[in-house]
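So the structure is just underneath, and the comments pick up after that.
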Amino acid sequence: MLDNLETSWERAGPPIEARLRDLLAIQGLALLASFRGQEAVGGARWTLRHRVDPLSDTDALTLFLDIADTIQPTDPDLPRFLQALGGVPLAICLTARRAAHHTTLAGLWADWVRLGPEVAVWAGTDPHRLTSVPHSIALSLQSSRMNPPAHRLFALLGQCPAGLAPADRIALLGTDATRAEEALIAVGLALHRADRLDLLPPVRDHARHTARPKGDDATSWCRHFLERACVEGARIFGDGGAEALAALTPEVANIDDALRAAPGLALREQAVAALYGIHQLLSASGAGSPVIFDPVAETCIAADDPRGQADALFYHGLVSFLRSDHATAQARYEEALPLYKRVSEVLGEANCIKSLGDIALARSDHPTAQARYEEARPLFQRVGDVRGEANCLSGFGDVALARSDHATAQARYEEARPRFRRVGDVLGEANCIQRLGDIARDRSDHATAQARYEEARPLFQRVGDVLGEANCLSGFGDVATATGDRLAAKAHYETALAMYERIHQTVNIALAHEYLAAVTAGAERASHVRTAKDTWLSIGLPDHADGVARRLDG
């Protein structure tokens, strides 16, 4: 049995492999070896290679609590601690030893945030691969198998919580990317997750605290992801939007960190330029959080950049609105509006006013919504923004539809649709078509409604708009309900609900549960009614919660 075979093999690979061949020539001898990293060690035909993977979430929790028996399973910091430990047994054991001296994890977690894996050390012992996570990582970094590009890649991966895809590795390291990747895999510091190269969480935290990128690398990773967000994010909701969304969604965590790091790396202007694309990405994917925009707004205040501050506030509002956080959205729009006026940014001003109309509409305040759209429309016309004017016309249609004034609504949508088409706004046109389907549905013209939804759905798919596609599926459910096909209706509503949940569309989630309650019975119906009420209450709409039964029965 040979423990840590890599130590000898690194110092004298060919002689060690020759010795292995000599050993295996002995009849009846079985050879077992442990080896740090992934290497094709010669000299023997290994009949079994067992890779030691991170522990499962369940096993990690069991191991931690078995050692730290003073910590309650309900400790609020336990989930984030286990996530930071990444299923690495050594990190779990050493951290749990320290946690055993406490009754809560609050103080130890604060230390981890500040120090990273320096917390995972057996106090009072000499640094050793089994008593210190930082020392264990350092042994791998000191390996002769590491090379300068590998050290660069290790530092870059420390800044990228989502790891790096092949194209990003090449963009950041050029022709050195493959050699660097092979070295990190060889010493066991990195691993592949599908096609992405990544570090386990405690290893990433170590890199983040002790191996900051140097030279051009210090800013290149941040600039790279901001540029991707700016260029590819702008394509979302337009032609090719589905492909852009698929490419960028795995990068949300990297873009988040880049946006937070940008001010400290003198990349404020690049961060502001990326805000539109980032808002598109968060809106379409449902990933990330709108608070991502806050550091940019704060930096713009310090730099006396009211335009950049207004953009950060406005896009925060847009994402919050799409996630049914209307109070935050309204507050952000109202903060951004005077800033746009201050710098004479008429388009920004118009967008804020129109967006305030959207909030009023969502709250069923139809007069205010109508007034906001009427206020915004001439501003869009003044700057020649056809898309903005079309959005106002579509808003007029939404107000009319909400009032069951189908004739006016249809006229407004048909007025807006060619404007969207003129500027190539596929999403705007798709929304008009889908709402024309809603009008046909309300008029019990089921064939036309079905046809409109079928016309709109591929347009939503083309631009990567999950919400629009889900609305079409819900429309299919409405048609099926009206024609008595409850089984088909249930299937459509369930598919739509899963999509709404994916993008955190709380209002639509509540409505989907109401629709499902209408086509189910017994305990299943009761469950949907209860969930619909709870969902309405979660976004501060008790009147909607109280009206669930009335809407279902009426």
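Taking all C-alpha pairs of the stretch 249-301, those more than 18 Å from each other amount to 22 percent.
Working from label points 7 Å from Cα in the Cα-to-Cβ sense, the Ala253 to Ala100 distance is 3.0 nm.
Divide by every residue of the chain the summed helix terms, -39500 (n - 2.57) for each DSSP H run of at least 4, and state the resulting mean residue ellipticity at 222 nm, rounded to the nearest 500 deg cm²/dmol.
Details: 30 runs with 380 residues, N = 554.
Theoretical 222 nm ellipticity from helices: -21500 deg cm²/dmol.
Semi-axis lengths, largest first, of the ellipsoid equivalent to the stretch 432-495 are 18, 14, 7 Å, with √(5λ) applied to each eigenvalue of the Cα gyration tensor. Modelled label positions at Ile301 and Glu17, each set 7 Å beyond Cα in the direction of Cβ, lie 6.2 nm from each other.
Taking other C-beta atoms within 10 angstrom as a stand-in for reagent exposure, Arg196, Arg377 fall in the order Arg196, Arg377, fewest first. If you model the stretch 465-554 as an ellipsoid using its alpha carbon gyration tensor, with each semi-axis the square root of five times an eigenvalue, the axes come out at 19, 17, 10 Å, biggest first.
The convex hull around the C-alpha trace of the stretch 78-222, projected and averaged over every direction, spans 8.9 square nanometres. Candidate cross-link partners of Lys533 among the lysines, defined by an alpha-carbon separation under 22 Å and a same-chain spacing of 8 or more, comprise Lys490. The residues packed around Val231, meaning those with a beta-carbon under 15 Å from its beta-carbon, carry a net charge of -3 if Lys and Arg are +1 and Asp and Glu are -1.
In terms of its alpha-carbon gyration tensor, the stretch 143-214 comes out rounded; the largest-to-smallest axis ratio a/c stays below the 1.5 threshold.
Per-residue Cβ neighbour counts within 10 Å put Trp109, Trp221 in the sequence Trp109, Trp221, beginning with the fewest.
Can you bin the stretch 136-270 into rounded, prolate or oblate? Criterion: square roots of the alpha carbon gyration tensor eigenvalues sorted a ≥ b ≥ c, rounded for a/c under 1.5, prolate for a/b above b/c, oblate for the rest.
Numbers: a/c = 2.13, a/b = 1.61, b/c = 1.32.
Prolate shape, in that a/c is at least 1.5 and a/b is the bigger ratio.
Classify the stretch 360-462 as rounded, prolate or oblate, taking a ≥ b ≥ c as the square roots of the eigenvalues of its Cα gyration tensor: rounded when a/c is under 1.5, otherwise prolate if a/b is larger than b/c and oblate if not. Note, shape of the stretch 360-462 comes out oblate. Note on Ala491 and Asp69: the extension gain reaches 147.3 nm, defined as 0.36 nm multiplied by sequence separation minus the Cα-Cα distance.
Kindly rank 428-439, 168-179 from highest to lowest mean number of other beta carbons found within 10 Å of each residue.
Values: 428-439: 24.6, 168-179: 16.8.
Going by the mean number of other Cβ atoms within 10 Å, highest first, we get 428-439, 168-179.
In terms of overall dimensions, the C-alpha atoms belonging to the chain reach 91, 59, 46 Å along their principal axes, ordered largest to smallest. Relative to the compact globular guide of 2.2 N^0.38 Å, what is the alpha carbon radius of gyration of the stretch 282-384, as a ratio? Ratio of Rg to 2.2 N^0.38 Å for the stretch 282-384: 1.06.
Per residue, the convex hull spanned by the Cα atoms of the stretch 1-52 amounts to 76 cubic angstrom. For the stretch 202-354, treating each Cα as an identical point scatterer without solvent, what Debye log10 I(q)/I(0) comes out at q = 0.20 1/Å? For the stretch 202-354, the Cα-only Debye profile gives -1.26. For the stretch 57-136, dividing the convex hull volume of the Cα atoms by the residue count gives 80 Å³ per residue. If you take the charge dipole of the stretch 438-552 about its Cα centre, with +1 on Lys and Arg Cβ and -1 on Asp and Glu Cβ, which of Phe460, Ala526, Ile439 is farthest toward its positive end? Result: Ala526, furthest along the dipole toward the positive end. Straight Cα distances below 25 angstrom link Lys341 to the lysines Lys354, with same-chain residues fewer than 8 positions distant left out. So if I take the centroid of the Cα atoms in the stretch 339-360 and the same for the stretch 469-488, what is the distance between those two points in Å? Each part's Cα centre sits 37 Å from the other's.
Coordinate-derived values only; no laboratory data. Just so you know, these numbers come straight off a predicted model, no measurement behind them. Cβ atoms come from the backbone with ideal geometry, glycine included; neighbour counts cover every protein chain shown.
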